[in-house]
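Take a look at the structure set out below.
The values are calculated or read from the model by the stated rules, or taken from the named source; none is laboratory data. Quick caveat: nothing in here was measured; it's all calculated off a predicted structure. Neighbour counts are summed over all protein chains in view; Cβ atoms, including those assigned to glycine, are modelled from backbone coordinates with ideal geometry. Each accessible area value is taken on the protein alone, full model and side chains, heavy atoms only, with ligands, DNA and RNA left out. Shrake-Rupley method; radii C 1.70, N 1.55, O 1.52, S 1.80 Å.
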Amino acid sequence: MSKTAILSSAAGLSIYAISNEYYVMNEETVVAFCLLSVWGGLIKFGGPLYKKWADEQSDKIKNILNSARADHTQAVKTRIADVQQMSSVIDYTKTLFAVSKETAKLEAEAYELEQRTALAAEAKTVLDSWVRYESQVKQRQQKELAQSVIAKVQKELENPKVLKQILDQSVADIESTLLPTRTCEIG
């Protein structure tokens with residue numbers, strides 16, 4: 001069927017419906033005909049323009065997506081290259097782990113030595129305090145001994161017999177020291 005056949009059939013049916021009064025033509029028919037004509041013109045002439053605009057928008061979105069895909073691909077390739085440069089990180093990590101183990105061992109030894117030093121210092125402090133105590137005890141004993149000797153001597157000095165004996169002994173000592181020098185002067 002061709003356009004001419006369709007248009008001719010539609011015109012014939014319209015004329016038949018109007019002549020037999022199956023359809024009454026009024027202002028609504030005119031409005032419907034005008035509206036369909038406008039819509040037909042818009043579709044015929046505006047359709048290609050809309051299709052062109054829709055294709056441009058579609059191409060624009062495709063370009064954005066393709067650009068994003070390319071950027072993402074490039075970023076992934078760059079990241080892969082960066083990761084390949086870090087392939088020796090495992091060796092460095094193993095070395096650092098060994099160093100940290102050795103550091104921990106040395107810190108433990110240092111702590112142990114620090115504890116030993118603290119213990120030795122505490123022992124020295126205790127021994128020093130014992131030495132000070134013994135020294136104080138010795139000084140006190142010597143002081144008590146000196147006081148008892150002085151008290152005993154003072155008590156004996158109160159006795160007149162002892163005073164006479166000391167005086168006689170002192171005079172004898174002086175004479176014995178002076179007598180040999182006198183004999184030298186006389187002779």
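Data table
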{"item": "Test: residue in the range 132-150 that is assigned to a helix (DSSP H, G or I) and loosely packed, with under 10 Cβ neighbours inside 10 Å", "result": "no"}
{"item": "Every pair of residues 6+ apart whose Cβ atoms lie under 9 Å, when the first sits in the range 19-43 and is assigned to a loop (DSSP other than H, G, I, E, B) while the second is among the hydrophobic types (A, V, I, L, M, F, W, C) and open to solvent by less than 70 Å² (accessible area, probe 1.4 Å)", "result": "Tyr23/Ala17"}
{"item": "Flag if Ile90 is of a type outside the set (S, T, N, Q), assigned to a helix (DSSP H, G or I) and either in contact with a strand residue (DSSP E or B) (Cβ under 9 Å, 6 or more places away or on another chain) or open to solvent by less than 100 Å² (accessible area, probe 1.4 Å) (or both)", "result": "no"}
{"item": "Top-ranked residue in the range 20-70 [being open to solvent by 100 Å² or more (accessible area, probe 1.4 Å) and among the acidic types (Asp, Glu); ranked as modelled with the lowest pLDDT]", "result": "Glu21"}
